[in-house]
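Novice: After the structure tokens below, expect a handful of questions from me.
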């Protein structure tokens, strides 16, 4: 199965998810914008509408979509609009790109439960939207932390 998440800079998210039991592959890339085949430089202008994201292939017998959502929620700030830490721009937005109606329902329920738990002082601004075409980022971005020895 496939899941796609935007949670700020894709390097950290990809590294975390790639080490998660049940995740069979990860790829970083761009999703949700208007420009076909965007480059990193184009996405960094915040003019393409694309978010940096991680596309995850996972084995649902080993990890559930709910568990992936728990990792997503706990590893970024879903209350900051178009910002994660020092990274600012719509390319760093918090977003769940669902691949079917089941994922949509699970994601919406998860967001609602987390928001009502008052775990955050501010409301969650994470988008939950259908997954359009995912454009794989340049090779030097793939497994970036691993390549850098982190």
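Novice: For the subset of segment 91-110 comprising residues that are out of contact with any helix residue (DSSP H, G or I) (no Cβ under 8 Å at 6 or more places or on another chain) and within 20 Å of residue 81 (Cβ to Cβ), which member is surrounded by the fewest Cβ atoms within 10 Å (Cβ to Cβ)?
Specialist: So the residue we want is 108.
Novice: Further question: Can you name every residue in segment 124-136 that is in contact with a helix residue (DSSP H, G or I) (Cβ under 6 Å, 6 or more places away or on another chain) and farther than 22 Å from residue 63 by Cβ?
Specialist: Within segment 124-136, just 124 meets the criteria.
Novice: Quick one: count up the residues across segment 92-102 that are within 14 Å of the chain's Cα centre (by Cα) and part of a helix (DSSP H, G or I).
Specialist: Of the residues in that region, 1 qualify.
Novice: Looking only at segment 35-44, how many residues end up being outside any helix (DSSP H, G or I) and surrounded by 12 or more Cβ atoms within 10 Å (Cβ to Cβ)?
Specialist: 4
Novice: Separate question: How many residues are under 12 Å from the mean Cα position of the chain (by Cα) and either part of a loop (DSSP other than H, G, I, E, B) or in contact (Cβ under 8 Å) with a residue 60 or more places away in the chain (or both) when one looks only at segment 53-76?
Specialist: Total meeting the criteria: 6.
Where a number appears in this text, it was derived from the coordinates with a stated rule and is not lab data. Quantities reported herein were computed from a predicted structural model and do not represent experimental measurements. A quick note on method: Cβ atoms are made from the backbone with ideal geometry, for glycine too, and the neighbour counts reach across all protein chains shown.
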